Amino acid sequence: MSMTERNHQELARLLDEARLGAREVSPLTRAHAELSLPDAYAIQAEGIRLRTARGERVVGLKMGLTSEAKRKQMNLDSPVYGVLTDRMQVPAGGVFKLQGTIHPKIEPEIAFRTARALRGRITREEALDACASAMAAMEILDSRYTDFKYFSLPDVVADNSSSSMFVLGATERPPRELDLARLNMSMEVNGAQVQSALSSAISGDPILSVVQLCELLAERGESLPAGSIVLAGAATAAHMLQPGDQVRLTVDGLGTLSVSVAQ
Ligand code: OOG
Ligand code: MG
């Protein structure tokens, strides 16, 4: 039996309430084995509508599962996207509060800011032309699913691809000034390195995450607006957060950014 718009709204509400109440729920496909990827993106969009109706503003998109390390960690095999709102941004050097979240993890990323809209199939060069800047970034993930476990792409997509918060580095540089696929990325927690990788771990080259994102958006008749922030996806597996953690990410040419974790 296929899903209706009403089903999408009900499932979006279930995930929204789980997020707001910091309560875990079963992966949706447990009770709805028929949930397809298009259904999942419709549920995601409905969940974002609930948030914008409460005053949040969409500021960009995140790609997920663009590295082998992440696909292995989550045991899923293809990239997905999610939507970012202004309420999800933690200022660089700011504090992330664990209270109100379920089981957050942090991961090292590269972000882009678009100066021009992008639509459909584009080349690497077109993506570079449209991105005004690249930044170091960290994404804080949280899954609304029990134990951060889900078994299908539709589950994670419906849950806005496990998004929670994100932090952008203060250094913004035109992507063409960087050797984008050869940047060392090192993430430290309380002074000890917990993850490191070359930026090529992200889609072979992080700008290719923007190319892929445009293709995924086009499948749903959507495009990437000018002025968007795009998280290109994590270069490494994600790291579980504990109260008191000081997390720092250093990326060649893009400086260092940090976030403190409070109870
Ligand atoms: C899905 C989101 C993955 C990334 O950067 O790969 C992601 C998850 O890990 O639950 O954001
Ligand atoms: Mg991510």
Kindly establish whether Asp86 is within 15 Å of ligand 1 (Cβ to nearest atom) and of a type in the set (Asp, Glu).
no
Filter the range 206-240 down to residues that are open to solvent by 10 Å² or more (accessible area, probe 1.4 Å) and either in contact with a Pro (Cβ under 6 Å, 6 or more places away or on another chain) or on the phi > 0 side of the Ramachandran plot (or both), then give me how many there are.
3
For the range 30-43, indicate whether the set of residues that are touching a strand residue (DSSP E or B) at 6+ places or on another chain (Cβ under 7 Å) and open to solvent by 40 Å² or more (accessible area, probe 1.4 Å) is non-empty.
no
Of these, Leu35, Leu50, which one is modelled with pLDDT of 95 or more, more than 12 Å from ligand 1 (Cβ to nearest atom) and over 25 Å from Ser228 (Cα atoms)?
Leu35
Whether any residue in the range 216-234 is away from ligand 2 (no atom under 16 Å from the Cβ), more than 14 Å from Ile106 (Cα to Cα) and acidic (Asp, Glu) is what I want to check.
yes
With open to solvent by 50 Å² or more (accessible area, probe 1.4 Å) and among the aromatic types (Phe, Trp, Tyr) as the only criterion, which of Phe151, Phe112 stands out?
Phe151
Set Ala237, Ala226, Ala232: member being of a type in the set (A, V, I, L, M), in a loop (DSSP other than H, G, I, E, B) and under 17 Å from the mean Cα position of the chain (by Cα)
Ala237
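The values are calculated or read from the model by the stated rules, or taken from the named source; none is laboratory data. What you see is a predicted model, and the numbers here were worked out from it, not measured in a lab. Because the Cβ atoms are built from the backbone with ideal geometry, glycine has one as well, and the counts that use them run over all protein chains shown. Areas reflect the complete protein model, heavy atoms only, side chains present, ligands, DNA and RNA absent. Shrake-Rupley method; radii C 1.70, N 1.55, O 1.52, S 1.80 Å.
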